[in-house]
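The values are calculated or read from the model by the stated rules, or taken from the named source; none is laboratory data. Predicted, not measured: the structure shown is a model, and the values here were computed from it. Reconstructed Cβ throughout: ideal geometry from the backbone, glycine too, with neighbour counts over all protein chains shown. Keep in mind that these areas ignore ligands, DNA and RNA; they rest on the heavy atoms of the full protein, side chains included. Shrake-Rupley method; radii C 1.70, N 1.55, O 1.52, S 1.80 Å.
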Amino acid sequence: MKYLVECLPRIGCTSIAVHANERPVVASLHPSTLELKTVSGDVSVSIPLPHNVDIKCSYEFKACGDRDYVLRLRNRNEDVVGNRELNKSRNFLMSLPEGKWGKKDLLDLGQFKLTCLCCGSAIIDAENCFKLNEMPSEFWMELMDYWHCHKPDEPTGACETGRYSAKQNSLNPCTKELLVGGSFLLANAGTFTGRVICDGNLLRCSKCNVTLGEKTKEQLYKIYKYNMKLSSLNGEECSFFPPENDIVFTILNHVKGNSARHILLKCEDKKVHVWIFAIDISVTLSDGAIIRNCMKVLYQEDVKVEGNHNIDDATVNHIPMKCFLAALDGVNTLLPKNNAKMGPWNVSYIPMVIE
Ligand SMILES: [Zn+2]
Ligand SMILES: [Zn+2]
């Protein structure tokens, strides 16, 4: 029995779609759990619900196609109100947690080191990093541009005023200062002396030559988190950065900055058209896993520009693209047949912050 629970907090509704040989019936309903069995009683399944539901409403599955059934439940009232306030307009997007390996995560480790995923040599540690700053998001940088255009310049030294230099209208970190972005770290070339070599616009590990990142047009070194391993100084704690996070950040920046819903992701060998169909919803998948605060993503590799869609272009790297598509495909296979496709589109769900 494949199922999908989709909780739409703003509508205050939880829908349960089931693909089964027989009509499912509700064996029991608790605010956070739904137990189903089939009419013959052969199959039973306990489904954790992403949000508490109102157990007083009537519950009967309606048939909607060949062996597809759907049940709609109301979310519990207090939760609906709470979510509406939480999600007022786009404030929710602006207040998303900074994500994995953010400034806070790094500071919490005390002394930390970031090493080349391939050979383990140190890329960033206490020797070449004495200061961490959060990277303004792309959207934030646009606001800064705007702000600086409407305010007379003040004579200031770049570093005293922080990470944003009004004079150059660009980021200007000091040597050994690290700017922490969503999926990358940014610093000037001097910070990486002896550790990273520059090969055209590509940045490589000086020991094993693997690609770690690229040089920005401001000549800063941009190192992708997914090419490194993070560990505490004693090596007790260590973690990896899921490369698909890089694409999620790219998408969220387009959604935040341009309110884009259609984005064409391009890497060197692939184009994928993604349609961000819903944001900040929660689902339960057929394996019982709940994904909270996820995006509903429609995607297809066969790019068709359909008339008046506004499509944002985004150039992305090969590894994150591969991992992003694998994550989408993995969830897609767990969906009931009816929910896995929408016309030519594949349907999937991905968390907005991947830990
Ligand atoms: Zn290396
Ligand atoms: Zn590729």
Just one listed residue, out of ASP280, ASP302, ASP287, is away from ligand 2 (no atom under 16 Å from the Cβ), surrounded by 18 or more Cβ atoms within 10 Å (Cβ to Cβ) and of a type in the set (Asp, Glu), and it is ASP280
So which residues in region 283-306 are over 14 Å from the mean Cα position of the chain (by Cα) and assigned to a strand (DSSP E or B)?
-> VAL283, THR284, ILE290, LEU298, TYR299, GLN300
When you go through GLU177, GLU236 one by one, which is the residue that is within 29 Å of ASP108 (Cα to Cα) and open to solvent by 10 Å² or more (accessible area, probe 1.4 Å)?
-> GLU236
Hey, among the residues in region 196-210 that are in a strand (DSSP E or B) and among the charged types (D, E, K, R), which one's farthest from CYS119 (Cα to Cα)?
-> ASP199
Could you tell me whether MET295 is in contact with a Leu (Cβ under 9 Å, 6 or more places away or on another chain), open to solvent by less than 10 Å² (accessible area, probe 1.4 Å), closer than 25 Å to PRO9 by Cβ and not β-branched (Val, Ile, Thr)?
-> yes
Among (1) charged (D, E, K, R); (2) farther than 23 Å from ALA126 by Cβ; (3) at pLDDT 95 or above, which single condition is GLU218 missing?
-> (3)
In region 29-45, anything over 17 Å from GLY288 (Cα atoms) and open to solvent by less than 30 Å² (accessible area, probe 1.4 Å) is listed as THR38
Among the listed residues ALA314, ALA326, which satisfies the condition of being assigned to a helix (DSSP H, G or I) and away from ligand 1 (no atom under 16 Å from the Cβ)?
-> ALA326
GLU237 vs. criteria in contact with a Ser or Thr (Cβ under 7 Å, 6 or more places away or on another chain) and either among the basic types (Lys, Arg) or at negative phi (or both) = yes
Within region 305-328, can you find the residues that are open to solvent by 40 Å² or more (accessible area, probe 1.4 Å) and farther than 21 Å from PHE241 by Cα?
-> VAL305, GLU306, GLY307, ASN308, HIS309, ASN310, ILE311, ASP313
In region 257-271, the residues that are more than 9 Å from ligand 2 (Cβ to nearest atom) and not in a strand (DSSP E or B) = GLY257, ASN258, SER259, ALA260, ARG261
Within region 204-214, residues open to solvent by 20 Å² or more (accessible area, probe 1.4 Å) and touching a residue at least 24 places away in the same chain (Cβ under 8 Å) come out as SER206, LYS207, CYS208, VAL210
